[in-house]
Structure formats: C-alpha cells, structure tokens
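One structure is given here, and the rest of the page talks about it.
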Amino acid sequence: MTTDSIVGIAELNKWYGDFHVLRDINVDVAKGERIVICGPSGSGKSTFIRCINALEEFQEGRIVVDGIELGPQLRRVDEVRREVGMVFQSFNLFPHLTVLENCTLAPIWVRHVPKKDAEAAAMKYLERVKIPHQANKYPAQLSGGQQQRVAIARALTMNPKVMLFDEPTSALDPEMVKEVLDTMVDLAKEGMTMLVVTHEMGFAREVANRIVFMDAGQIIETNTPANFFANPQHARTKLFLSQILR
Amino acid sequence: MSDTAASSFVRQVLISERTAPVKVTGFVGFLRTRLFNSPTNILLTLASVLLLWITVVPAFKFLLVDAVWTGKDRTACLAENVGHVVGACWPFVQAKFSQFIYGFYPEPERWRVDLTFFLAAILLLPLLIPRLPAKGLNAGLFFVAFPVVAFFLLRGGGLSGLGVNWVTGLLSGFADTVSDLGQKLTRAGEATAVIGPLLQWLGKLVVLLGAAVSGLVWPLVWLNGQIQGASRPVWVDFAVTAAIVSLILFFLGGGFRTGWRILLGSIATFAGIGIVIAVMGLDRGGLPIVDSGLWGGLLVTLVVSVTGIVTSMPIGIALALGRRSTIPLIRFFSVGFIEFWRGVPLITVLFFATYMLPLFLPGNFKIDGLVRALIGIALFSGAYIAEVIRGGLQAIPRGQYEAASAIGLSWWKTTALIVMPQALRHVIPGLVNSFIGLFKDTSLVSIVSLFDLLGQVHASFADPIWATPTTLFTGFAFAGMVYFVFCFGMSRYSLFVENRLNAHRG
C-alpha cells in the first residue's frame with residue numbers, strides 16, 4: 001500500500017449463502033483519485049462499493065479507510081462511516097424532513113455541531129449543488145435530479161474523505177442526468193476522492209483516473225480511461241464495450 | 001359531404017361559449033348528477049330517505065319534542081301527569097349529573113376533581129395546537145408533572161420521603177425477596193430427592209447473594225434512617241435527592257465543559273417539584289385521602305382511558321421494535337407477550353388483575369384496585385398498539401435505514417429520528433382506531449366493581465325516585481352522547497394531524 005492511499009481493499013471475499021459474490025478483490029485508491037467501476041448487472045459492483053462503508057458484511061479480507069481497518073467483524077464501522085459519504089441510486093432522502101433538515105441531521109446528531117452552525121454549513125453545500133432556494137421544501141416536492149443533488153449535499157455535510165456513488169443517475173430521467181453529473185464533475189475538480197459505480201461512459205472518460213471493470217464478482221481489468229476505451233485487453237471487456245458503445 | 005381525408009385544417013372563427021343543455025351545477029345539478037342519475041340511484045336515494053325518516057324522526061321526537069325538561073322526581077316524567085307520550089326524561093340526568101361525573105367522590109372534595117380536569121385542559125389544549133411554542137416543556141408538564149400532581153390531587157395523601165427513601169425501600173425490598181427466595185429454595189432442596197442437594201446449594205448461594213445486596217444497601221439504609229430522624233424528613237430527603245441527581249446529570253452531561261445546561265434544567269425541575277410539594281402540603285400529609293373505590297363516573301372513564309392511551313404508546317413502540325429485533329431473546333419475548341395479551345379477552349385480563357393478582361403478590365405488597373385495572377388495560381392495549389405500529393415499521397423502505405447508517409446514525413438515533421416519525425405517521429388512522437376502541441372498552445371496568453360513566457348510569461337506574469318507563473333510554477342516550485363527543489373529537493383531531501403531517505407527501 002502506498003503512503004497516500006486512502007482506501008485499501010485487500011483479498012475481499014463475500015458470499016450470499018453459498019453464492020460467491022465477490023472474489024479476491026484488491027484495489028488501492030490514492031487520495032484525490034477518481035475511480036469508476038463498471039460492468040454488467042449482477043457483476044457485484046454495487047455490493048463491492050457497499051462493503052466499503054459496511055452496508056454489506058463480508059467474510060474474508062480487509063478494508064482500510066484513512067487508516068481505520070475494517071475486518072470481517074466490522075468493529076470500527078462507526079468510525080469508517082464518518083469518513084465515507086454515500087449517494088444511492090434511489091436517493092434515500094428522508095421524506096419527513098425538509099431539504100435543510102436532511103442536511104443538518106447528521107452533523108447535529110453525530111458530530112454534535114450546534115444547530116445554527118450546522119444550518120450555515122448545510123446552506124453552503126446546498127449552494128455548491130446549486131439548490132439553496134429549495135432548502136425549506138420537502139424531498140417529494142423536488143425533481144429527481146434535484147433530490148439526488150440534495151443527497152450529494154447531505155453526504156458532503158459530514159466532510160467525508162471519500163465519496164461513494166452507487167449508480168447515482170440510473171433512476172433519473174435522461175434530462176436530469178446531466179445536472180447530477182455536472183455536480184459530480186465539480187466535486188471531482190475540487191479534489192474529492194470518489195468511487196463511482198455508473199454506466200455513464202462519458203463521465204468515466206472525462207473524470208476518472210482509473211476504470212475498474214468487473215464481471216462475475218471479480219475485477220477483470222483495470223486501466224486508464226484512454227486505454228480502457230481505445231485498447232481493452234480482456235475479451236470480456238471488449239464484449240462489454242461493444243455492447244454499450246454504439 | 002366534406003373531404004374527411006384532408007389532413008390540414010385552419011380554424012377561421014373561434015367558437016363562442018354556450019350554456020350546457022342541462023343544468024350541471026348548483027342544487028338542481030347535484031340532484032340530477034348525484035341522486036337521480038340512474039334507476040338504481042333513484043332507488044337507493046329513496047331507500048336512504050326512508051331510512052333517515054324512520055330513524056332520525058323518532059329519535060328527534062324522543063330526545064327533544066316529547067322530552068320532559070323540568071321536574072323533581074319520577075312523577076314529572078309519567079305520561080298520565082304530562083298528558084302526552086313521554087320521551088326523554090331529562091330531569092333524571094340533571095338530578096344524577098354530578099354522580100355521572102364524580103361517582104361517589106365526597107362532595108366537599110369535588111373541587112379537586114374539577115381542578116384536575118382544569119389542569120388537564122390547560123395543559124392538553126396548547127399541546128394539541130401546533131402553532132403554539134414550547135412543545136417540549138408543555139409535553140414534559142403534561143406527561144410527567146401532571147400525572148404526579150393529579151395523583152396527589154385526586155387520591156390525596158402525602159410523602160414520607162423522596163428519592164433516598166424510595167430507592168432504599170426498593171433495594172431493601174429486593175434484597176429481602178432474594179433472601180426469601182433462597183430460603184425457599186433451600187427448604188425445597190431438603191424435601192426433594194434427586195436434585196435436592198443441587199437445589200439446596202443453589203438456595204444457599206441465593207441467600208448469600210441476598211446478604212451481599214443488603215450489605216451493599218446498608219449505607220443507604222443508614223442515610224435513610226438519619227433523614228427520617230430529622231425534624232423535616234421530606235425536605236432533607238428532597239435536598240439530598242436534588243443534589244445527587246443534579247450532580248450525576250451534570251457529570252453525565254459532560255461535566256464542566258457542557259454539563260451546565262443540564263445542571264440548570266435539573267435544578268429547575270427540582271425547584272418545580274419543591275413548589276408542588278410546598279403548595280400541596282405533601283410534606284404535611286397532603287390532602288385527605290379519597291379511596292379509589294369512591295371514584296366513579298366520567299372521572300374513572302377519563303382516568304382509565306387517558307392513562308391507558310398514554311402508557312400503551314411507549315409499551316407498543318417497545319414491543320413493535322422488539323418484535324423486529326435481530327436479538328432472538330427480545331424477539332421471542334415480544335412475540336410471546338403480544339400474542340398472549342391479544343389472545344386473552346379484556347374481561348379476563350381485568351378479572352385476573354383484580355382478583356388473581358393479589359394472590360400471587362407477596363403479603364406486604366398491596367396495589368390499589370384501580371391501579372391493577374390500569375396496569376391490565378395498559379398491557380392489553382399496548383399489545384394492540386404494538387401490532388399497529390409494526391404495520392407502520394414495515395412500510396419504511398430499506399433505503400431509509402441504509403441512508404441513516406451511511407451518514408453515521410446509530411440504531412437508536414435512526415429509530416428515533418428517521419424510522420419512528422415516518423412509521424407513526426403511516427399508522428395514525430390505526431392508532432386512533434385503537435384509542436377510540438380503548439376509550440369505549442373502559443366501560444368493561446364496571447365488571448370489576450369500578451364505576452365508570454356507563455356503570456354509574458346503569459347503577460342510577462336502580463333509584464326508585466326516578467323509576468319511569470323512559471329513564472333507561474334517557475340514561476343510555478346521555479351516556480352515548482358523552483362517548484360520542486369524546487370519540488368524534490379524537491377522530492376529527494386525528495384527521496387534522498394527518499393532513500398536517502402529511503404535507504411532505506407533496
């Protein structure tokens with residue numbers, strides 16, 4: 001593991017019952033690095049990314065996030081989750097709270113920030129995702145794209161060192177995909193470490209430092225975007241690319 | 001004929017507005033579109049009118065037109081004296097009104113009941129109106145302070161001590177029970193053949209445990225003795241308790257860094273308790289004791305239903321969460337508890353609580369009859385509430401739990417801040433349904449000789465002074481109206497809350 005590594009995953013194995021979903025996953029992510037994980041559905045990419053903040057348990061291997069080690073016993077879950085922000089495919093905003101309350105909940109109740117400071121900070125992040133004027137609305141009153149941007153702001157309010165994105169644009173209307181991707185590009189430009197599961201190859205090409213291609217629970221190929229698209233090595237990668245790029 | 005196949009069309013003149021050929025608005029429109037728009041509907045409309053005619057008109061006649069409004073005894077409500085068919089005999093309700101409200105609560109002490117009702121009203125109303133501020137303080141006063149004050153107001157009596165006294169009593173009682181159990185075990189061991197020695201050994205161990213507990217409790221017993229020996233034991237105990245509790249809260253709240261606010265809150269709370277003790281004279285024996293056997297009427301109905309509703313909520317929430325717990329022991333306990341209480345009729349529960357429970361309790365342990373019924377009802381309705389709330393919990397998508405975990409909320413915080421608020425909103429109709437059911441089920445306490453409103457009304461039929469052909473109907477009509485007012489109020493308020501809380505559903 002290199003010294004500027006912030007997420008280290010070694011020999012990660014996971015089973016659902018008898019089904020071996022993740023097989024010998026090894027990935028090192030450097031500080032500020034953007035990694036896009038792609039692959040056919042059922043390849044284990046979401047499961048993999050969800051292991052990093054312990055939303056899924058695993059049976060073998062270890063994950064180190066910012067020096068905090070997470071083994072199969074998941075002992076230091078709380079510490080890891082404080083360092084890792086997550087954005088879900090289905091947004092998962094809290095529907096009974098306003099946008100602002102969604103963003104201040106964790107700082108107030110987990111980090112014990114005074115309410116006023118938490119609100120000021122939340123407004124700053126809402127401005128960053130360009131929806132400060134919606135702060136007092138409820139999630140159901142926003143469009144899908146706006147909801148996902150609120151979800152990004154909510155994750156950012158905890159000052160995470162790493163952001164995980166689990167297919168953030170898959171549940172959106174085509175028109176709204178761009179506004180979310182733009183927000184993510186901005187975030188990447190500011191130097192955030194990001195692991196993104198997505199099918200948006202344009203985003204991958206523009207933002208990623210590395211692309212990880214997964215199939216059948218294992219990493220098939222890892223490469224820079226330029227090489228990945230122009231010169232894929234593995235036959236499975238070539239097949240995948242030929243199917244999604246037309 | 002014009003060319004229908006032409007695909008281009010340009011309108012030259014705009015069509016101006018015309019009135020509808022048949023009237024579709026207003027009363028005539030309503031008649032036409034809603035009441036008489038098809039043969040079936042005409043039939044249904046006529047049948048409904050007929051139904052209304054044969055129910056509403058006689059009720060109206062009985063309650064108002066033919067009713068007798070004034071009189072001193074049964075003679076006022078007899079047909080031969082009135083000269084026409086007699087409806088409701090309202091003077092009967094007038095004469096018995098105070099009994100319906102207070103039961104046999106002694107007349108000179110009834111101001112205490114009035115005061116309790118008054119306090120309940122001025123604490124509950126602001127709690128129900130969302131616009132008013134200080135909900136936290138208000139809820140604290142209503143749910144914590146009010147029950148204590150109401151207890152001493154309605155029942156009377158004073159205090160012999162405070163925290164130190166209670167804790168001492170509880171712990172030494174516990175130590176005694178443990179020693180007692182140990183001795184019983186030892187004796188059982190002497191009498192049993194095969195596992196006897198084991199039981200004996202276990203018994204001795206338990207006795208030893210009891211002795212150890214008493215040893216630990218001893219300093220407290222000594223302190224309690226000193227306090228009780230002082231000239232004003234309640235106030236000394238009050239000061240000691242206030243100091244100990246405040247200090248503990250202060251250090252738990254973060255000590256010199258962040259504990260100051262909690263310390264202030266604690267001191268303010270104890271100041272409030274002190275004021276209550278002083279005003280009600282609890283240190284000097286308090287108000288004269290009115291045994292709960294004398295309570296009755298609406299007072300008992302309200303005490304039982306409000307206590308039942310307020311206590312069954314936390315019980316229900318705990319059981320609903322327990323039933324979904326991943327810890328097997330908690331889950332099995334919750335399932336067993338819920339299924340047991342749901343499987344037993346309320347009447348059985350009340351009988352058991354009233355007549356059987358005293359047989360199981362240690363001899364020196366007495367619980368008031370009303371309290372026994374209250375405990376039975378709280379547990380019974382807690383089981384029902386638990387299932388209602390579980391329905392709400394199941395409606396919460398998994399993503400909510402995941403999102404809460406991902407931002408670092410613990411299980412408790414997720415439950416309190418994310419899951420419960422949403423789950424409870426989903427089940428408001430079911431909860432209110434249970435509450436209304438509970439309110440009306442309180443009339444069952446009359447089978448364990450507690451006289452609630454209905455029981456009191458029923459009992460008053462036996463009075464020969466008011467024995468007329470319509471007394472019975474009048475009494476039940478009155479009771480029905482009182483129940484209806486409360487239940488309808490709950491129903492309307494819940495609709496209001498639902499609309500308000502569901503604003504977020506866009």
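Each peptide among A:41-48, B:424-431, B:402-409 gets the average number of other Cβ atoms lying within 10 Å of its residues, and from highest to lowest they stand as B:402-409, A:41-48, B:424-431.
Expressed to the nearest 5 percent, the antiparallel share of DSSP beta bridges inside the protein assembly as shown is 55 percent. Between B:ASN433 and B:PHE30, what FRET efficiency comes out of the Förster formula 1/(1 + (r/R0)^6) with R0 = 30 Å and r the beta carbon distance, rounded to 0.05? In this case the efficiency is close to 0.40.
For the segment A:97-109, counting C-beta atoms of other chains within 10 Å of every residue's C-beta and taking the mean gives 3.
Centroid-to-centroid, using Cα positions, segment B:230-247 and segment B:445-506 are 44 Å apart.
The slack in the chain from B:ALA211 to B:LEU170, taken as 0.36 nm per residue of separation less the alpha-carbon distance, amounts to 13.2 nm. Note on A:ARG75 and B:THR55: the model spin-label points, each 7 Å out from Cα along the C-beta direction, lie 6.9 nm apart. Once you reduce segment B:287-322 and segment A:93-158 to the center of their Cα atoms, the two points are 41 Å from each other. Here the accessible area of chain B is 72 percent carbon and sulfur, with a 1.4 angstrom probe and all protein chains present. By the helix-only formula, in which each DSSP H run with n ≥ 4 contributes -39500 (n - 2.57) and the sum is divided by residues, chain B has a 222 nm mean residue ellipticity of -21500 deg cm²/dmol. For a paramagnetic label modelled on B:GLU80 (point 7 Å from Cα along Cα→Cβ), amide N atoms under 15 Å away belong, within segment B:453-487, to B:468-469. Shown for segment A:84-185: lysine pairs separated by 8 or more places, or found on different chains, whose C-alpha atoms are under 18 Å apart, numbering 5. Close Lys pairs in chain B, defined as Cα atoms under 30 Å apart and 8 or more places apart or on different chains, number 11. A protection proxy built from the mean count of other Cβ atoms within 10 Å ranks the segments B:142-150, B:44-52, most packed first, as B:142-150, B:44-52.
Take every pair of alpha-carbon atoms less than 8 Å apart whose residues are at least six positions apart; their mean separation over the length of segment A:175-246 yields a relative contact order of 18 percent. Taking the Cα centre of segment A:67-198 as origin and assigning +1 to Lys and Arg Cβ atoms and -1 to Asp and Glu Cβ atoms, the resulting dipole is close to 380 debye. Seen from all directions on average, chain B presents a Cα convex hull projection of 45.2 nm². Rg/Rh for segment B:247-358 (Cα atoms only, Rh after Kirkwood) is 1.12. Taking packing as the residue-averaged number of other Cβ atoms within 10 angstrom, the listed peptides B:489-497, B:32-40, B:71-79 run from highest to lowest as B:71-79, B:489-497, B:32-40. Measuring r between the beta carbons of A:THR224 and B:PHE143 and using R0 = 60 Å, the FRET efficiency lands at 0.45.
Counting 0.36 nm for each residue step from B:PHE251 to B:LEU198 and taking away their Cα separation leaves a gain of 14.5 nm. Between 0 and 90 degrees, the angle of helix B:297-323 with respect to the longest Cα principal axis of chain B falls at about 80 degrees.
Rounded to the nearest 10 square angstrom, A:ASP182 shows an accessible area of 70 square angstrom against a 1.4 Å probe. Fully extending the segment from B:VAL279 to B:VAL65 would add 72.0 nm, taking 0.36 nm per residue of separation and subtracting the current Cα-Cα distance. The residues packed around B:GLN228, meaning those with a beta-carbon under 14 Å from its beta-carbon, carry a net charge of -1 if Lys and Arg are +1 and Asp and Glu are -1. Per-residue ellipticity at 222 nm from helix content only, as computed over chain A with -39500 (n - 2.57) for each DSSP H run of at least four residues, stands at -11000 deg cm²/dmol.
Taking Cα centroids, how far is segment B:2-73 from segment A:63-87 in Å? So the two Cα centres are separated by 66 Å.
When B:THR168, B:THR269 are compared by accessible area at a 1.4 angstrom probe, the order from most to least is B:THR269, B:THR168.
Sorting B:ILE389, B:ILE275, A:ILE219, B:ILE101 by accessible area puts them as B:ILE275, A:ILE219, B:ILE101, B:ILE389; the probe is 1.4 Å, largest comes first, and only protein heavy atoms count. Compared with the dominant principal axis of the Cα atoms in chain A, helix A:174-189 is inclined by about 90°. Per residue, the solvent-accessible area of segment A:117-182 (1.4 Å probe, heavy atoms of protein chains only, all protein chains present) comes to 41 Å².
The residues of segment B:223-316 have, on average, 51 Å² of accessible surface per residue, using a 1.4 Å probe with all protein chains present.
Counting Cα-Cα pairs of the protein assembly as shown in 10 Å increments starting at 0 gives whole-percent bin shares of 2, 9, 14, 17, 16, 15, 13, 8, 4, 1, 0, 0. Counting heavy atoms of the protein chains alone, B:PHE478 has an accessible area of about 30 Å² for a 1.4 Å probe.
Taken residue by residue and averaged, Cβ atoms of other chains lying within 10 Å of the Cβ of A:88-94 number 5. Taking the longest Cα principal axis of chain B as reference, the axis of helix B:428-441 is set at about 70 degrees. Label positions at B:LYS440 and B:ALA120, each projected 7 Å from the Cα along the C-beta direction, are separated by 2.0 nm.
Leaving ligands and nucleic acids aside, the A/B contact buries around 1900 square angstrom of accessible area in total at a 1.4 Å probe radius. For segment A:1-85, the list of GluC sites (Glu not before Pro) that fall in a loop by DSSP and count at most 15 other C-beta atoms within 10 angstrom reads A:GLU57.
Across peptide B:389-401, the mean count of Cβ atoms from other chains lying within 10 Å of each residue's own Cβ comes to 1.
Here B:LEU181 sits with roughly 100 square angstrom of accessible surface, probe radius 1.4 Å.
Ranking B:PHE151, B:PHE250 from most to least accessible surface, computed with a 1.4 Å probe over the protein chains only, gives B:PHE151, B:PHE250.
Measuring r between the beta carbons of B:GLU498 and B:GLN228 and using R0 = 51 Å, the FRET efficiency lands at 0.45. Close amide-amide hydrogen proximity is noted between A:VAL87 and A:LEU164, A:PHE165, A:ASP166, each under 5 Å apart and 5 or more residues distant or on a separate chain (H modeled in the peptide plane; Pro and chain starts excluded). Using C-alpha pairs under 8 Å with a sequence gap of at least 6, the mean separation divided by the residue count of segment B:227-326 gives a relative contact order of 16 percent. Think of each Lys and Arg Cβ as +1 and each Asp and Glu Cβ as -1; about the Cα centre, that makes the dipole of chain A roughly 340 debye. Here segment A:98-246 carries DSSP beta bridges of which approximately 50% are antiparallel, counting only pairs with both residues inside. Dividing the Cα radius of gyration of segment B:436-506 by 2.2 N^0.38 Å, with N the residue count, gives 1.57. Within segment B:2-54, the proportion of Cα pairs with more than 14 Å between them is 71 percent.
Taking every alpha-carbon pair under 8 Å whose residues sit at least 6 apart, segment B:61-217 reaches a relative contact order of 13 percent. Enumerate by residue number the GluC sites (Glu not before Pro) in segment A:188-221 meeting two conditions: DSSP loop (anything except H, G, I, E, B), and at most 10 other Cβ atoms within 10 Å of the site's Cβ. Of the GluC sites (Glu not before Pro), the ones in loops of segment A:188-221 whose Cβ has at most 10 other Cβ atoms within 10 Å are A:GLU190.
The values are calculated or read from the model by the stated rules, or taken from the named source; none is laboratory data. Please read all numbers here as calculations on a predicted model, not as lab measurements. So basically every Cβ, Gly included, is an ideal-geometry build from the backbone, and we count neighbours across all protein chains shown. These accessible areas exclude ligands, DNA and RNA; they are computed on the full protein's heavy atoms, side chains included. Shrake-Rupley method; radii C 1.70, N 1.55, O 1.52, S 1.80 Å.
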